[in-house]
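Encoded as structure tokens, the structure appears first; notes follow it.
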Amino acid sequence: MAIVSANDASYYFLFLIWFLTALLVHSLIKACFKLKPRSKVPHPPSPLSLPFLGHLHLVGPVLPKSFQVLARTHGPLMRLRLGASSCIVASSASIARELFKTQELNFSSRPEFGSSEHFIYRGSRFIMAPYGDYWRFMKKLCMTKLLAVPQLDNFLDVREEEVERLVKSVMESARGGKASDLSKELTTFTNNVICRMVMSTRCSGTANDAEKIHELVKTCLELAGKLSVGDVLGPLRWLDFSGNGKKLEAALWEFDRIVERIMKEHEEKLINKSVTDRKDLMDILLETHNDPTAEMKITRKDMKSFVLDLFMAGTDTSSAAMQWAMAELINRPEAFKKLQDEINSVVGPTRLVQESDVPNLPYLRAVIKETLRLHPSAPLIIRECGEDCSVDSYLVEAKTRVLINVYAIMRDPEIWTDPDEFMPERFLESSGERIGEHQMEFKGQNFRYLPFGSGRRGCAGASLAMQVMHPAVGSLVQCFDWKVMEREGAVDLSHGSGFAAEMAKPLVCRPLVRVNPFGHGTRK
């Protein structure tokens, strides 16, 4: 047993006193600088708070769910203080409409988190950029070139190849009588798709760049999450007690080294004019970088940051959504069988589900929509208020962080029947709850359904995500029956901790080959 000496105990006590004093001084200074003439508009309601901690004692590990519970007591717009950090949480469709539509320009920027000072691409991040010229230019570039429909269509064969690789990999497990880790399989699948579309590389070959990139991106996401939670320490986060800041910077520099090498390889192809008609996203970024007539000059730093954002926003989020879809279907055999029957009738047993089949598979579309309703890829959307304003008759001050809890909105019992139940039928023509196919889309124009956000800052990669998810989930349902591991009884649908949307446990199940489209036959 370790023995704590008197000197050690004294040191820890003095450190605690110093920490609490620094936090108190910071709070007092902040309060003094914020002194303003008292507004006649009240602030949003707030639960009772504790000194220093604020409302941390009321928040559990799954933040969207914790905020949902608090909103039931304190209203759809409430103010929370988490240590030295404060925010306003919005939890209703009507307030989301006000933030995303009525006052959209005032809430079009995103605030920096505690991890921002450790990002080597600070000032170049598209996703976190303030609403301004740089962000507008990059958004336009996404919509007209990088993520435009023609560019996505150019890589249809890549997505089909990766779906085929995914199914064959699962088949190997099935034939060996082994369980399949769908968390790993689907993450590898999405990472390969993005790597091939961005810079024409995948998890294979001697360099193995795609796999290394995914490891680094995953590390960056984990460390950034820890550092962002460190916002509760206020100015003390700069001291980086845990060393996570240095680890994040090291991972980012390693990512930078790999992307710089790939960028130079692309530049050599451009010089030698060996680029094919099909340009990947790196080719387009380099062309824009070298274009003297471009509206804005983007730097190498900007390009690397954009590539990082694509991986951080696209790989694990799409993978998590597909894992949730499979988990919900496996736990509901009647829904699984209904989807299987639909695919059998439309696609048959001799080929895999393709993107061109999706318009003829309404139940598959409903399954994905219902999955994203229950398990949105971004359960908390963060914005920053530009100027003092009134929202829902409450004062929201400039520079205030606003969290829109779309997890709570899409589980609101006032606007959804049986909101916590997985019911794809609610999105079918026959459902009385259905609003209309054109309205219940993914662009965020219906404010009770916001899986990809809304407005100017809605997810630019939503179309790509949908193109990836439908064929992959459809093929895994088409080709396999799935058995839950012994002793578990059902797939654990617990949510992971923090801001993210992933499952708390990896999705590991035993696949049984049902249809083999590669052998043009079926197996029972």
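Bin by bin, in steps of 10 Å, what percent of the Cα pairs in segment 57-522 do you find, going until the bin that has the longest distance? Calculated P(r), rounded to whole percents: 4, 19, 30, 27, 16, 3, 0.
Computed from label points 7 Å out along Cα-Cβ, the spacing between residue 415 and residue 144 is 3.4 nm.
Among residues other than residue 48 whose Cβ falls under 13 Å from its Cβ, what is the net charge (Lys/Arg +1, Asp/Glu -1)?
Values: positive: 79, 81; negative: none.
Charge balance near residue 48 sits at +2.
Sparsely packed loop sites in segment 325-422 (the GluC sites (Glu not before Pro) outside DSSP H, G, I, E and B with at most 13 other Cβ atoms within 10 Å) comprise 387, 414, 421. Taking each residue as 0.36 nm, the span from residue 178 to residue 264 lengthens on full extension beyond its C-alpha to C-alpha distance by 26.8 nm.
Site pair residue 52 and residue 345 shows an inter-label distance of 6.4 nm when each label is modelled 7 Å from Cα along Cα→Cβ. Normalised by the number of residues in segment 314-420, the mean separation of alpha-carbon contacts (under 8 Å, six or more apart) gives a relative contact order of 22 percent.
Label segment 78-153 by shape, choosing from rounded, prolate and oblate, from the square roots a ≥ b ≥ c of the eigenvalues of the Cα gyration tensor; if a/c is under 1.5 it is rounded, and otherwise prolate applies when a/b is larger than b/c, oblate when it is not. The shape class here is oblate. Report the residues of segment 447-481 in range of a label on residue 153: point 7 Å along Cα→C-beta, backbone N strictly under 20 Å from it. Residues 461-471 qualify, since their backbone N sits under 20 Å from the label point.
One decimal place: the segment residue 86-residue 516 gains 149.4 nm when fully extended, by the rule 0.36 nm per residue minus the C-alpha distance. Applying 0.36 nm per residue to the separation of residue 257 and residue 293 and subtracting their alpha-carbon distance, the gain on full extension is 10.1 nm. State whether segment 98-207 is rounded, prolate or oblate according to the following rule on the C-alpha gyration tensor (a ≥ b ≥ c being the square roots of its eigenvalues): a/c under 1.5 gives rounded; otherwise a/b larger than b/c gives prolate, and the remaining case gives oblate. Here segment 98-207 falls in the prolate category. Applying both filters, DSSP loop and at most 11 other Cβ atoms within 10 Å, to the trypsin sites (Lys or Arg not before Pro) of segment 267-325 gives 273. Local charge for residue 290 was computed over the other residues whose Cβ lies under 12 Å away, with Lys and Arg +1 and Asp and Glu -1, and equals -2.
Model label points for residue 382 and residue 43, set 7 angstrom from Cα along the Cα-to-Cβ axis, are 2.0 nm apart.
Taken together, the values in this text are just the output of simple stated rules run on the coordinates, not laboratory data. Small disclaimer: the values here were computed from a predicted structure and weren't measured. Cβ atoms come from the backbone with ideal geometry, glycine included; neighbour counts cover every protein chain shown.
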